[in-house]
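Shown next, in structure tokens, is the structure this report addresses.
The values are calculated or read from the model by the stated rules, or taken from the named source; none is laboratory data. Note that this is a predicted model, so its numbers are computed, not measured. So basically every Cβ, Gly included, is an ideal-geometry build from the backbone, and we count neighbours across all protein chains shown. Side chains included, ligands, DNA and RNA excluded: accessible areas come from the protein's heavy atoms. Shrake-Rupley method; radii C 1.70, N 1.55, O 1.52, S 1.80 Å.
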There are 2 protein chains.
Amino acid sequence: MRVAIVGATGAVGNELLRVLEQRHFPVRDLRALASARSVGSTVTFRGEAIAVREATPDAFDGVEIAFFSAGATRSRALVPAARAAGAVVIDNSSAFRMDPDVPLAVPEINLGPAERDRTLYSVPNCTAIILTMAIAPLRALGTIERLVVSTYQSASGGGAGMMRYLESDTQAYLTNGSGIDAGDRPDGLPPYAFNCFSHNTAIDDHGQNEEEAKVIAETRKILGQPNLRANVTCVRVPVLRAHCESVCIEFADAAPAVEAVRDVIQRAPGLRLVDDRAANQFPTTRSAANGDDVLVGRIRHDRDDPRVLNLWIAGDQLRKGAALNAVQIAEWRFSA
Amino acid sequence: MRVAIVGATGAVGNELLRVLEQRHFPVRDLRALASARSVGSTVTFRGEAIAVREATPDAFDGVEIAFFSAGATRSRALVPAARAAGAVVIDNSSAFRMDPDVPLAVPEINLGPAERDRTLYSVPNCTAIILTMAIAPLRALGTIERLVVSTYQSASGGGAGMMRYLESDTQAYLTNGSGIDAGDRPDGLPPYAFNCFSHNTAIDDHGQNEEEAKVIAETRKILGQPNLRANVTCVRVPVLRAHCESVCIEFADAAPAVEAVRDVIQRAPGLRLVDDRAANQFPTTRSAANGDDVLVGRIRHDRDDPRVLNLWIAGDQLRKGAALNAVQIAEWRFSA
């Protein structure tokens, strides 16, 4: 197939190249597109250097699948041109996620016959994908009414530049004890070495940041539960590429037994049970990083409320949280 | 006053020396006590090197105040001898915290005439101190019925050795891309460079770890609310010395207005309001580190439940979470 990647030089674009290669996606021609300032650079696919071309409306000629991961503004500007050229678009940005006509797709959860012939699919927010992967199968055990979630999000969610900032600030801190002077950063980020901070997106009138608003709205859409109550706090922690989430799930009735939850998690595609109480082995950022599965552990009941179940989960932000989920949508879309 | 510090060479012991010095505590004689293997080393107090002596039952002769920060086993073994020698003991360990006859003391919250003449005070768990500091003053605005808390805890809670492990594993990761081989660590800790992991304490039959059980039981005792419902998840994040906590507070009736909460936080001793939505300025690990205040921000209502208020808080684990709180107890105990 003729494949285009818009944003090929970014963190998700780079991961898309790796995932397409690792999963032997039938790529006949790969077009690496990016903004004008990346023209002249190359990306590597199957050991071959591919010159980066500028992402313009006429760059999609003959393309059958276009993966977008260059931000919402770029998607709004170029997705119509890609579709007009005949491409099926799989968009990692937030541009079309809440459009009722666009599937907000997690293949393990919500793709069926009604989504089969679409030409545009949105990949949800990374935190929402990892969250819904863990909780969707539990709906077989009871009705979920409310979530309370606190996140431990990685630098990769802010792109390759934020990952480099975490590494360089940490190295500077270990060397000089105070890190880089963050006062001059145009993005206004606080110091990142050995630091946790509230997610760096704008805060609305209710005190909620954009990331939290996305996680809540997208979780409802992915699960098809518009009335799900959700209390979400999004935090960046000094880790590189996987997100962890502390999840408190309130059921309508008594929460399912821990053994029943373990059983469902073990059988669910894309999940891995990591819940060894005796050995104190549970999901960690590092054990989820570079892997495809969402790890689930610390499965336990609230001692004061029989309706409440807790989980501690981890998933790679760049893989299941973005590139892997996008490629899985493409695999599903073009399977027989 | 004649002061002894048991565990003088540890992370909290070192901070006790700094706090006593910074607050001009009237120390006439300082006795630095530790285990036999630290004998021969020195600690520094007011620019003077003090030889470390072994902490034995007969080491408390003439001591008026003994600070203990050498773990519960050491406290159980030596606190009776210190009290028998006439010392007032302020114990940072968990040994006596849940003893109904021992005040679990946070001076801003729960010290009054009934606690005045005691000879033993327990310093609560660091996470419980930081949590109760932020929520205790809110009880003037309504009845708190339930807490849902997820923590972002620092290496310092595991002592100076864990801080060194985080630093050396992070340096190794930046150098070789994989960090130290954690497989051989006798403490069984996972990799710590750029990694979040569930708190490394034993898990009980209900799936709760010891840290979570402490936070819940101690929060109830500090606040004098034995029936407070609490759902707590304790997590270690790769930061050095301050803890952050994502706190969801359920009131019996409608949660107080955000402005009323801000007002109470601003007036409460030991708290600092850091809640600038427009500038995206909120508490961070690094802004709390080395400071005395517990920082409070992200004050907002749950959009789906009018009884629920969220906070994001940060406090230095070694200062208000341990050494500062201990010295404040001593100041209060010996004030007129």
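For A:Glu64, the solvent-accessible surface computed with a 1.4 Å probe is close to 70 Å², ligands and nucleic acids excluded. Stretching B:Arg262 away from B:Arg307 to a fully extended chain increases their span by 14.5 nm, per 0.36 nm per residue minus the current alpha-carbon distance. A probe of 1.4 angstrom, applied to the heavy atoms of all protein chains, finds B:Met162 with accessible area near 10 square angstrom.
In what sequence, largest accessible area first, do B:Glu115, A:Glu48, B:Glu15 appear using a 1.4 Å probe?
On the way: B:Glu115 40, A:Glu48 120, B:Glu15 0 Å².
My answer, sorted largest first, is A:Glu48, B:Glu115, B:Glu15.
Each other copy places its own label point for A:Glu331 at 6.1 nm from this one, sorted shortest first, where the point lies 7 Å along the Cα-to-beta carbon line. Over all other residues within a Cβ to Cβ distance under 12 Å of B:Ala288, the charged ones net out to +1, with Lys and Arg as +1 and Asp and Glu as -1.
Starting from the Cα gyration tensor of the stretch A:1-66, take the square roots of the eigenvalues, sort them a ≥ b ≥ c, and report rounded, prolate or oblate (rounded when a/c is under 1.5, otherwise prolate if a/b is larger than b/c, else oblate). Mind showing how you got there, number by number?
On the way: a/c = 1.79, a/b = 1.21, b/c = 1.48.
The shape class here is oblate.
Distance to the B-onto-A rotation axis is smallest for one chain B Cβ; residue and value in angstrom are B:Ser150, 2. If you take the Cα centroid of the stretch A:162-208 and the Cα centroid of the stretch A:26-88, the two points sit 31 Å apart.
Label point of A:Asp205 (7 Å along Cα→beta-carbon): distances to the other copies' equivalent points are 5.3 nm, sorted ascending. With the convex hull drawn over the C-alpha atoms of the stretch B:161-260, the volume per residue is 159 Å³. Hull volume per residue, based on the alpha-carbon atoms of the stretch B:28-117 and their convex hull, is 119 Å³.
For the set A:Asp316, B:Asp304, the ranking by accessible area, highest first and with no ligand, DNA or RNA atoms included, is B:Asp304, A:Asp316 under a 1.4 Å probe. Long hydrophobic helices in chain A, taken as whole DSSP H segments with a C-alpha length of 15 Å or more on their own axis and mean Kyte-Doolittle hydropathy at least -1.0: A:11-22, A:72-84, A:160-176, A:210-223. Between copies, B:His24 shows label-point distances of 7.8 nm, shortest first, with the point placed 7 angstrom from Cα along Cα to C-beta. Over the C-alpha atoms of the protein assembly as shown, the Rg to Rh ratio, Rh being the Kirkwood estimate, stands at 1.01. For the residue pairs B:Lys221/B:Lys320; A:Lys214/B:Lys214; A:Lys214/B:Lys320, alpha carbon separations beyond 26 Å are given by A:Lys214/B:Lys214; A:Lys214/B:Lys320. Only helices enter the 222 nm calculation for chain A: every DSSP H run of n ≥ 4 contributes -39,500 (n - 2.57), and dividing by all residues gives -8500 deg cm²/dmol, rounded to 500.
Within the set of other residues whose C-beta is less than 10 Å from the C-beta of A:Ala314, count the net charge using Lys and Arg as +1 and Asp and Glu as -1.
Values: positive: A:Arg272, A:Arg286; negative: A:Glu245, A:Asp293, A:Asp316.
Net local charge, A:Ala314 excluded: -1.
For the stretch A:2-88, the list of trypsin sites (Lys or Arg not before Pro) that fall in a loop by DSSP and count at most 11 other C-beta atoms within 10 angstrom reads A:Arg28, A:Arg46. Taking a ≥ b ≥ c as the square roots of the eigenvalues of the Cα gyration tensor, chain A is classed as oblate, since a/c reaches at least 1.5 and a/b does not exceed b/c.
When every Cα-Cα distance of the stretch A:168-214 is counted in 10 angstrom steps from zero, the calculated P(r) takes the values 25, 40, 24, 10, 0 percent.
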